1. Considering L92, L120, L79, L107, which residue is among the hydrophobic types (A, V, I, L, M, F, W, C), assigned to a helix (DSSP H, G or I) and either in contact with a Pro (Cβ under 7 Å, 6 or more places away or on another chain) or at pLDDT below 75 (or both)?
2. Pairs only if they're at least six apart or on different chains, beta carbon under 8 angstrom, first in region 51-65 and assigned by TED's automatic domain parsing to the domain that holds W88, second at pLDDT 80 or above and charged (D, E, K, R); list them, first residue then second.
3. Which numbered condition trips up T133, out of (1) in a helix (DSSP H, G or I); (2) over 21 Å from the mean Cα position of the chain (by Cα); (3) surrounded by fewer than 20 Cβ atoms within 10 Å (Cβ to Cβ)?
4. Take the residues in region 205-225 that are in contact (Cβ under 8 Å) with a residue 12 or more places away in the chain and among the aliphatic types (A, V, I, L, M), then tell me which one is surrounded by the most Cβ atoms within 10 Å (Cβ to Cβ).
5. Spot the failing condition for E560; the list is (1) surrounded by fewer than 22 Cβ atoms within 10 Å (Cβ to Cβ); (2) out of contact with any Leu (no Cβ under 8 Å at 6 or more places or on another chain), and only one is missed.
6. Could you go through region 280-292 and let me know if any residue there is over 30 Å from G179 (Cα atoms) and among the aromatic types (F, W, Y).
7. Give region 232-245 a look and list any residue that's within 13 Å of Q283 (Cα to Cα) and outside any loop (DSSP other than H, G, I, E, B), or say none.
8. Consider region 232-276. How many of its residues are farther than 30 Å from L321 by Cβ and in contact with a Gly (Cβ under 6 Å, 6 or more places away or on another chain)?
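The values are calculated or read from the model by the stated rules, or taken from the named source; none is laboratory data. Just so it is clear, the structure is predicted and the values come from calculations on it, not from any experiment. We place every Cβ from the backbone using ideal geometry, glycine too, and count neighbours over all the protein chains shown.
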Amino acid sequence: MDSWFVIDKKAGRPVATLLLGVVVWLGVTSLSWAQPGQTENELSWDRSIRPLVGRFCLRCHNDDQTRGDINLSSDENPLQIKASREKWTRALEALRDEAMPPDDAPLPSSEERDLLVRFLEETLERIDCDATTDPGRPVVRRLNRTEYDLTILDLTGLDLGLAKDFPPDPSGYGFDNIGDVLTLSPVQVEQYDSAARRIVDVLLLGSPDSEADDPAAQAAFLAIFAPALDDQGDWSLDEPRAAAREILFRFAERAFRRPIDDTYVDRLLMIYDRAREQQASFQAAVGYGLRAVLISPRFLMRVEQTQPDTTEPYLVDAHDLANRLSYFLWSRPPDRELLDRAADGSLLEIEVLRAQATRMLRDPRSEAFVESFFGQWLELRGLDTHRPDPTSFPEFTDQLREAMRGEALAVLREMVRDDRSIMTIIDADFTYVDQSLAALYELEGEFGETLQRVTLDDRRRGGLLTSAALLMIQSDPQRVNVPRRGNFIAGRVLGSPPPPPPPNVPSLEESAGNAGELTLRERLELHRSKPECMGCHAKIDPLGFALQNYDAIGRWRNEEASQPIDASGVLPDGREFSGPAEFKDLMLAEREAFARTMSENLLIYALGRGLQGPDQCVVDDMVNANLAADGKFSTLIEEIVVSLPFRFRRNPLD
C-alpha cells in the first residue's frame, strides 16, 4: 500500500502522518486532500483550495501580518483547519459576506469564492457527533464576586455584599466565570481571610451573650449554632465539644456543597480545642473553625472529584453535577431538593436532570442568571458606567437609567421564566415601563414609579434591540454611534462580528473634514469611502442605520441636522429594509443564526471555558431543538445540561 504524506514546508520534510489514518479518522467524505483517485475533485485541498488560499488570503493573514489578529498560514491541511474552527469560521463568514478579501486586494472570481466557501462549509461542518466522546478540557473555577456573595447568603443568611471590595473579576470569552482567568492570588487570599473574619464577627453578634440587636445576625446564629441551643435559643451545652463537632460538620458540608469525611471535621475540631485551651468562649472557638472553612480552597474553588486511574471520560460525580447546574442557573450553591437528587443518585438520570433545570429556570433565583449571563452577553452591565452628555440630554436622570435597566431585565426575566421564544429579544408586543420611561417612549396612559407590563401596538418598541438600554449603551455620550450599533447586531444577533479595524484608521471627524452640517449618514459615507474602512463598514453600517431614528438615549426622532432621517439600508446579501419594523422582520428571519449565536455563548457560560471542536455537536443540538420548539428558551438550557461536556469530565491530558 502506498503511503501519502502531508508536507511540512517549514521543516522541509514530510510529516509522518499516513493519509490512510486520516481517512479512517474522518470517515469517507467527498472532500479530497491528496487522496489517491480523488485528484479530480474540485474541492481537493492540494489541487484547488490551497492555491486559492495562498493567492487571496495569506497576503494579509500570515506569520508576519495578522490583520484582524488572524493568521491562516499556520494551518497546512484540513485537519488543522478543523482544529482551528473559530478563526476559519470567521474567514468563512467574511467570504460569504464578500468582506474578504478587501476591495484594495486581488479579488477571487465568483466561481473561486464559491469553491472556498463550499470547501470551508464541508470541512468545518464535518464532525462525527455519534463518535464524539471527549467532554473537553476540565477546568477548576474560583467563585467570582457574584457567586461569592450569593454563596455566603445561602450559607449564613447574611447579605453582606463583601465581594464589592474584591478586585474586579477578569473576563474571558466575554464572561467573568471562565476558569482559566479566575486565578487565586496571594492578595485575594488575604481579602478572603478578611471577609471570613467579618462574616464570623457579624454572625457572633447574634449570640445570646451578645448585647447587639441585629435580627439578621440573630437568625444566622440560631441556624448555624442550633446544635448548641435549646428551643428558646439559649445555650444548651451539656457536651460542648460534641456540639462544636456537629456545628462544624454541618457548616463545612454546606460550605463545600458535598458530603465530607470525618478526618476533615477532626482537623476543624483541633482548631476549636486549641482556642478553648487559650480560654476562648465556646462561640468564639467555634468561630475560628468556621473561618477555616470560609478560607478553604474547597469553599472558594469549585474543585471536582476525579477518577485518577482512568483514561476514559467518566460521568461527573452527582454532587459536582448539582453544583454545575446550580452555579450555571443560579450563581449559587444547590438547594435542598437538588442535593437530595444528588444524594440518591437520581440527578444522573437524563429526565430528572431536565426536570430540575426546568424547575430552576422558573425559580426566582434564576434572576442571577438573567443578570449575569445577559448582563454580559448583551453588554447591559455597561449601563452602570455610561454617562450621556448632560448638556445634550438634560432630561436623563438616574431614575431613567434604572428604568432602562429594569425594562431590559424584566423582558429577559419573562422570556426565561415563562419560557418564551428567544426571538423576544428581537421583537415583542410587550414591555415594562415606569412613568419616566413611558415619557421617553411617548406612551399614553397613567404610569407610576414602579415598572408595569404594557402591551404595545407600535413596533418602534418591543424587544431589546429597540430598548433604550441597548440603544444608549451602544451610543456615544453626545450622539448616536452607527458602527457600534451595527457591530453589536452583527456580533450579538448574527454571530458574525467584523474583524478589529486596522491601525491608523482615520476618525469619523477626520474623514469628513470641513464637511459642514452633514447628517451622520453623509459623514459615514465619506468615512467608508476610504479603502481601509470600506470592507467592515459595508457590513455593519446598514445594521446601524436601521436604528437611526433613535437618539443617544433611545428617544425616537424623525429629523437630524434639520433633515428627515433615512433609516433604510441594504444588507450584504441584497435584502433591503426601511425603518426598524422592516429591519426587525429581517432579523426575525435570522432565527437560526441568532439561535446559534446565543447557543454558543450559553455553552461557554455554562462550561466556564472556550468552545472546542466537539462542542459544535452540542451547539447543533441546541439550535435544532430550539427551532423545533418554536424558539422556546428552555430548549437551549435543557440541551446543555444533558450534553456530553456538561455531564462528563476527563482527567487533564499530560
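1. L79
2. Taking only residues 6 or more apart or on different chains, the pairs are L52/E112; F56/E112.
3. Only one criterion in (1) in a helix (DSSP H, G or I); (2) over 21 Å from the mean Cα position of the chain (by Cα); (3) surrounded by fewer than 20 Cβ atoms within 10 Å (Cβ to Cβ) is unmet by T133, namely (1).
4. Per the stated criteria, the residue is I224.
5. (2)
6. Within region 280-292, one or more residues are over 30 Å from G179 (Cα atoms) and among the aromatic types (F, W, Y).
7. Result: W235, P240, R241, A243, A244, R245.
8. Number of matching residues: 2.
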